[in-house]
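Below is one structure, written out as structure tokens; comments come after it.
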Amino acid sequence: VQLQASGGGLVQAGGSLRLSCAATEGTFGNYRAGWFRQPPGKEREFVAGISGSGGSTNYADAVKGRFTMSRDSSRSTVYLQMNSLKPEDTAVYYCAAGRAILSSARNTGAYTYWGQGTQVTVSS
């Protein structure tokens, strides 16, 4: 499975962006999918995850209530709707997929497939 992330850009604080992650050469199938981000000079961190069925999601505390992750019915694309963006949301955002279970879903090592990253910059 190849993952292609898109939708990043420059936005003012309080604005919104929608990130997409398309699976090529395959689909997400029943893989758990996740979004991670890496702020400048920091380690990659968990942002949001969605179960293989799409029936449950979980979020980092920093984004809870502002970000929403979803997947389409064809299981070929996952999305991250980001609202009320803050300057501290500035980072390169990566999508990932794998057979992670819920207890390990926040760990980068639980995912096998990664997209190339898309830059999100939030100005104050």
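The values are calculated or read from the model by the stated rules, or taken from the named source; none is laboratory data. Note that this is a predicted model, so its numbers are computed, not measured. Here the Cβ is made from the backbone with ideal geometry for all residues, glycine too, and neighbour counts use every protein chain on show. Areas reflect the complete protein model, heavy atoms only, side chains present, ligands, DNA and RNA absent. Shrake-Rupley method; radii C 1.70, N 1.55, O 1.52, S 1.80 Å.
Failed condition for SER6, given (1) surrounded by fewer than 19 Cβ atoms within 10 Å (Cβ to Cβ); (2) at pLDDT 95 or above; (3) closer than 15 Å to VAL122 by Cβ, with all others met?
Going through (1) surrounded by fewer than 19 Cβ atoms within 10 Å (Cβ to Cβ); (2) at pLDDT 95 or above; (3) closer than 15 Å to VAL122 by Cβ one by one, SER6 breaks only (3).
Look through SER103, SER84, SER70 and report the one residue that is over 16 Å from LEU17 (Cβ atoms) and either of a type outside the set (A, V, I, L, M) or without any contact (Cβ under 8 Å) to a residue 60 or more places away in the chain (or both). Break it down stepwise before answering.
Values: SER84 fails: over 16 Å from LEU17 (Cβ atoms); SER70 fails: over 16 Å from LEU17 (Cβ atoms).
After ruling out the rest, the residue left standing is SER103.
Go through region 19-38 and count every residue that is on the phi > 0 side of the Ramachandran plot and at pLDDT 95 or above.
At the first step, the residues of region 19-38 found to be on the phi > 0 side of the Ramachandran plot are 25-26, 29.
Subsequent filtering for residues that are at pLDDT 95 or above retains none.
Matching residues across region 19-38 total 0.
State which residue is surrounded by the most Cβ atoms within 10 Å (Cβ to Cβ) when the search covers only region 68-104 and only residues that are among the acidic types (Asp, Glu) and modelled with pLDDT of 90 or more. So that I can check it myself, show each step before the final result.
Initial filter on region 68-104 (among the acidic types (Asp, Glu)): 72, 88-89.
With modelled with pLDDT of 90 or more added as a condition, the list becomes 88-89.
On the way: GLU88: 11, ASP89: 22.
My answer is ASP89.
The rows are residues; the columns are (1) under 13 Å from the mean Cα position of the chain (by Cα); (2) more than 21 Å from GLY9 (Cβ to Cβ).
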position: PRO40; (1), (2): no, no
position: ARG44; (1), (2): yes, no
position: ILE50; (1), (2): yes, yes
position: SER53; (1), (2): no, yes
position: THR57; (1), (2): yes, yes
position: GLY65; (1), (2): no, yes
position: TYR93; (1), (2): yes, no
position: VAL120; (1), (2): yes, no
position: SER123; (1), (2): no, no
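Between residues in region 1-25 that are under 12 Å from TYR113 (Cβ atoms) and residues that are among the β-branched types (Val, Ile, Thr) and part of a loop (DSSP other than H, G, I, E, B), which pairs lie under 7 Å by C-beta distance while being six or more apart or on different chains?
Listed by first residue and then by second, the contacts come to ALA23/VAL1; GLU25/VAL1.
Does any residue of region 39-54 turn out to be of a type in the set (S, T, N, Q), surrounded by 14 or more Cβ atoms within 10 Å (Cβ to Cβ) and at pLDDT below 95? Can you show your working first?
Applying the first criterion (of a type in the set (S, T, N, Q)) to region 39-54 yields 51, 53.
Filter once more, keeping what is surrounded by 14 or more Cβ atoms within 10 Å (Cβ to Cβ): 51.
Remaining after also requiring at pLDDT below 95: 51.
Taking every residue of region 39-54 in turn, at least one turns out to be of a type in the set (S, T, N, Q), surrounded by 14 or more Cβ atoms within 10 Å (Cβ to Cβ) and at pLDDT below 95.
Which residues, taken from region 9-30, are open to solvent by 40 Å² or more (accessible area, probe 1.4 Å) and of a type in the set (Ser, Thr, Tyr)?
Within region 9-30, SER16, THR24, THR27 meet the criteria.
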